[in-house]
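Here the structure comes first, spelled out in structure tokens, and everything after it is commentary.
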Amino acid sequence: MTPSKWVRIWNERLPDVPLTLLAATPVESFGLLREGTADAGLVRLPVDGDDLSAIPLYEETTVVVVPKDHLFAQVEQISASDLADELVLHPLDDTLGWEQPPGRPALERPETTADAIELVAAGVGVLAVPQSLARLHHRKDLTYRTLNDVPQSRVALSWPAADEAPDLVEEFIGIVRGRTVNSTRGRRAEELKGQKQPRKDQKKPARPGGAKSGGAKSGGAKQGGPKGGAKSGMRTGGKGAPARGKSTKPRRGRG
């Protein structure tokens, strides 16, 4: 995954709340969420079990990884039928969810995608993977081309299921879904509904001397598709005492 855009927006909106990223394999991602090591994660669908919530984000293009001198490197796209005579590697951590890729199967399945990439570089076969994995395992002696008529991987944002997502997780959900900072669908915007906002040309009443706002800390939530762990340090403003007006009690006249 390449969540750099979302991380940048997070840092702009919540500069005092660190967002820590943690790399994980597709199999590890769900375990990190279930054990509480990560608050949210970018995962591949489907999500197994009812203890995790998820919202689909996009479908990822499937590509075939080949040596740079392979015939496929001369074209922009190929179809599944073009793989009929190719030995297509099928690693045990495959993320495309097919029982058998097109083409000729290898005698043994590689343990991981990284192992399969090494075999492709050695000229043993070719490999079909989501485009982000081809980029992750980029090598100078390999290239990849779009592969049509095959399954595509669906990417989602997932977090532990609850009646309501924690505030900071809700903030990240809003960011990946493209909500603006002033979106009425955001949690903070919901909290402001029904509250009267001062007009721009209206002067705010002065507070009495020495009055301080309240100091309740927010809930120290961790953040990240990967793990986080810093307290936000945000403080909510308390209600100050109303400004004192002049007394309207009539003075006694002199006798």
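The values are calculated or read from the model by the stated rules, or taken from the named source; none is laboratory data. Keep in mind it's a predicted model, so treat the numbers as computed, not measured. For neighbour counting, all protein chains shown are included, and Cβ atoms are generated from backbone atoms with ideal geometry for every residue, glycine included. Heads up: the accessible areas ignore ligands, DNA and RNA and are worked out on the full protein's heavy atoms, side chains in. Shrake-Rupley method; radii C 1.70, N 1.55, O 1.52, S 1.80 Å.
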Fill in the blank from the handout: Considering only strands (runs of 3 or more DSSP E) wholly within region 67-146, the ones with at least 2 residues that are at pLDDT 95 or above and surrounded by 14 or more Cβ atoms within 10 Å (Cβ to Cβ) are 87-89, 126-130
Completion exercise
Within region 19-46, residues open to solvent by 80 Å² or more (accessible area, probe 1.4 Å), charged (D, E, K, R) and in a loop (DSSP other than H, G, I, E, B) come out as Glu35
Problem - Looking only at region 1-18, and only at residues there that are assigned to a helix (DSSP H, G or I) and not basic (Lys, Arg), the one that is surrounded by the most Cβ atoms within 10 Å (Cβ to Cβ) - result: Trp10
Handout entry: Single condition Gly186 does not satisfy, out of (1) modelled with pLDDT under 95; (2) touching a helix residue (DSSP H, G or I) at 6+ places or on another chain (Cβ under 6 Å); (3) open to solvent by 20 Å² or more (accessible area, probe 1.4 Å)
Key = (3)
